[in-house]
Amino acid sequence: MPTPARVRADACPGVFAPHDAADGPLARVRLPGGAVSAAQLRALAECAEACGDGDLHLTSRGNVQLRGVTRPGLAARLTDAGLLPSPSHERVRNVLASPLSGLRGGLADVRGLAAALDVRLCATPELASLPGRFLFAFDDGRGDVAGEGADVCWRALDADEGTLLLAGGDTGRLVARADAVATLAEVALEFLRVRGSAWRVAELDDPAWRGAPVRWLPAEIPAGLIERDSGLAAAVKPRFGQLSAVEARALAEYGPALVTPWKSVVLPDVPADVFARLGFGGAELGTSACIGRPGCAKSRADVRADAVFRPGLRAHFSGCERRCGKPSQSHVDVVAEAGGYRIDGRWVPLDEMEGNL
C-alpha cells in the first residue's frame, strides 16, 4: 500500500536551511556516492572545529552532518572545498553508490556514475524542486545499496546493462550503463510532474510507479580490513558514526574516502596495519543510536550513554518512535520510554537492559 502523501513542508536540513536541534543548528553536507577527497575530508574537519561541535556525524545516506553550527562561515568554507557546487540544489544531491565497486566484487563498475548524476542534477534547474528526502542509487549488482530504499535506482545485471528499480521494486525496465545517469534524471523529472504533495516514490498512488517486490538477501556490508582485487582497503566504523576532527584528518592521510550508508568510511588503498596506526574504527558493526539527549529535544533519554555494546549484538537505540538513523538491516529495536526501554516491543527497566539484549 502506498504511504499517504505528506501534508507538512519538507524540512530536510541542508547548509542554508539547517535544522534547529536542541544542541544548536544542524547542517547536512551531501556527498554524492559518499565520495570525498582527502582535501575535502580535511576541510570538513576544519568546518567542524571552526563552525560546529568539532565532530563529523555520518548519516545513513552516506552524507555528513555538522552539529552545533553556531559560528558563521560554513557555506563559504564548503564552497571553497568543492562541497557545495550549487546552492540551489544542495538538498537534493542525495545519491548512493556501492562503495566497494571497482575494488572487489560486483557485476559492474559504478564509480563515476554518482558524480555524473550530481553534475546533471545541478545543471537541471527543475530538479532543485525535488524533496530533500528523494534518493538516487547506483548498485553494482551485489545488492548492497539497492536495498536501502532509494526512490530510483540503477542495479547492474552485468558490466553494461542494468534494471531500473522504483522504491525498491524492480520495474523490469532494462537500461544500459551508459544511459543510467540520464534515465535516473528523467525519472526524477517525471516524479516532479506527478508527485502532488508526495515526498517519495512510495507515496504515489499510481501503480505505474511500483515495480515487482524484490526479496533482498543480506548484502555484504564493508567492515574491517578488505582484500581488494589488488591490494587492501579498509572500512572504518567509528562508534555511533561520529568522527572527531582529529580522526577525520587521520583518515585523510590515506587518500580519498567513501562514506557509506552504514555510517562507516571506506579507505580504498591502505597498508595491512591501518587500524593499528589509526587506533580506532575496527570491524565490529555492532550497536548504533540516534543522537539522543541532550542533542535532541524529542529524545526521552541519553541513549548513547545507555547503549549496550557486546560482540555480535546488532541493536539500534532510539530516543523516541521516530527511530532516527536506524539501519535497514536486521537489528534489535530499542526505543526509550519512561524508566526504561522497549526492546522489540517488550518494555524493560533501565537496570535490566544488559540481561535482556
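Laboratory data are not the source of any read-out in this text; all were calculated from the coordinates shown. Keep in mind it's a predicted model, so treat the numbers as computed, not measured. So basically every Cβ, Gly included, is an ideal-geometry build from the backbone, and we count neighbours across all protein chains shown.
For segment 10-60, what class follows from the C-alpha gyration tensor (a ≥ b ≥ c being the square roots of its eigenvalues): rounded when a/c is under 1.5, otherwise prolate if a/b is larger than b/c, else oblate?
oblate
Rounded to the nearest 500, what is the 222 nm mean residue ellipticity of the chain from helices alone, with -39500 (n - 2.57) per DSSP H run of 4+ residues and division by all residues? Write down the numbers at each step before the final one.
Details: 7 runs with 63 residues, N = 357.
Rounded to the nearest 500, it is -5000 deg cm²/dmol.
Averaged over all directions, how much area does the convex hull of the C-alpha atoms of segment 1-104 cover when projected, in nm²?
Numbers: hull surface 35.0 nm².
For segment 1-104, averaging the hull's shadow over all directions gives 8.7 nm².
Provide the net charge surrounding GLU161, with neighbours chosen by a C-beta distance below 10 Å and charges set as Lys +1, Arg +1, Asp -1, Glu -1. The partial results should precede the final answer.
Numbers: positive: ARG177; negative: ASP158, ASP160, ASP179.
So the environment of GLU161 carries a net charge of -2.
Any idea how far apart SER86 and ASN356 come out in nm if each label point goes 7 Å out from Cα toward Cβ?
So the two model labels end up 4.9 nm from each other.
Mind jotting down the three principal axis lengths of segment 288-356 based on Cα atoms? Whole angstrom, largest first.
30, 27, 20
Which length gain, in nm to one decimal place, applies between GLU321 and ARG249 when the Cα-Cα distance is subtracted from 0.36 nm times their residue separation?
Answer, rounded to one decimal: 22.4 nm.
Just the Kirkwood number for the chain, please: inverse of mean 1/r across all distinct Cα pairs, in Å, one decimal.
Mean inverse Cα-Cα distance, inverted, gives 20.9 Å.
What are the GluC sites (Glu not before Pro) within segment 106-163 that DSSP puts in a loop, where the Cβ has at most 16 other Cβ atoms within 10 Å? Display every interim value, and only then the final one.
On the way: sites: GLU126, GLU148, GLU161; in loops: GLU148.
Sparse-neighbourhood loop GluC sites (Glu not before Pro): none present.
Work out, step by step, the length gained on full extension between SER328 and ALA297: first 0.36 nm times the residue separation, then minus their alpha carbon distance; give nm to one decimal. Before the final figure, lay out the partial values.
Numbers: separation 31, 0.36 × 31 = 11.16 nm, distance 2.45 nm.
Taking 0.36 nm per residue and subtracting the Cα distance, the gain is 8.7 nm.
Given 37 °C and 0.692 mPa s, how large is the Stokes-Einstein diffusion coefficient of segment 232-357 in µm²/s, with Rh as the Kirkwood radius over Cα pairs? Can you show the working numbers first?
Numbers: Rh = 15.6 Å.
Translational D for this selection: 210 µm²/s.
Applying the Karplus parametrisation 6.51 cos²θ - 1.76 cosθ + 1.60 with θ = phi - 60° to the phi angles of segment 60-73, what ³J(HN,Hα) value in whole Hz is obtained for each residue in order, glycine and proline being reported as x?
So the J values, rounded to whole Hz, are 6, 10, x, 10, 10, 10, 10, 10, x, 7, 9, 10, x, x.
Set the Förster radius R0 to 22 Å, insert the Cβ-Cβ distance between SER230 and ALA159 as r into 1/(1 + (r/R0)^6), and round the FRET efficiency to 0.05. Please list the in-between numbers first.
Working: r = 18 Å, r/R0 = 0.82.
After rounding to 0.05, the efficiency reads 0.75.
Take GLU190 and ASP273, extend 7 Å from each Cα along the Cα→Cβ direction, and tell me the distance between the two endpoints in nm.
If labels sit at GLU190 and ASP273, their model points lie 5.6 nm apart.
For ARG104 and LEU174, FRET efficiency with R0 = 30 Å and r from the beta-carbon atoms, rounded to 0.05? Walk me through the intermediate numbers first.
Values: r = 26 Å, r/R0 = 0.85.
For R0 = 30 Å, the calculated efficiency reads 0.70.
If neighbour count is taken as other Cβ atoms inside 10 Å, put ARG67, ARG293 in order from fewest to most.
ARG293, ARG67
Based on Cβ point charges of +1 for Lys and Arg and -1 for Asp and Glu, what charge dipole magnitude is obtained for the chain about its Cα centre, in debye rounded to the nearest 20?
640
Each label point is 7 Å from the Cα along the Cα-to-Cβ direction; what then is the distance between the points at ALA128 and ASP10, in nm?
Simple spin-label model gives 1.4 nm for this pair.
List TYR341, TYR254 from most exposed to least, where exposure is judged by having the fewest other Cβ atoms within 10 Å. Numbers along the way, then the final one.
Values: TYR341 26, TYR254 21.
Starting with the residue having the fewest Cβ neighbours, the order is TYR254, TYR341.
For segment 185-238, take every pair of Cα atoms, bin their distances at 10 Å starting from 0, and report each bin as a whole percent.
Histogramming segment 185-238 at 10 Å steps yields 18, 26, 18, 27, 11 percent.
From the square roots a ≥ b ≥ c of the eigenvalues of the alpha-carbon gyration tensor of segment 137-240, which class results: rounded (a/c under 1.5), prolate (a/b over b/c), or oblate? Walk me through the numbers on the way to the answer.
On the way: a/c = 2.29, a/b = 1.71, b/c = 1.34.
Here segment 137-240 falls in the prolate category.
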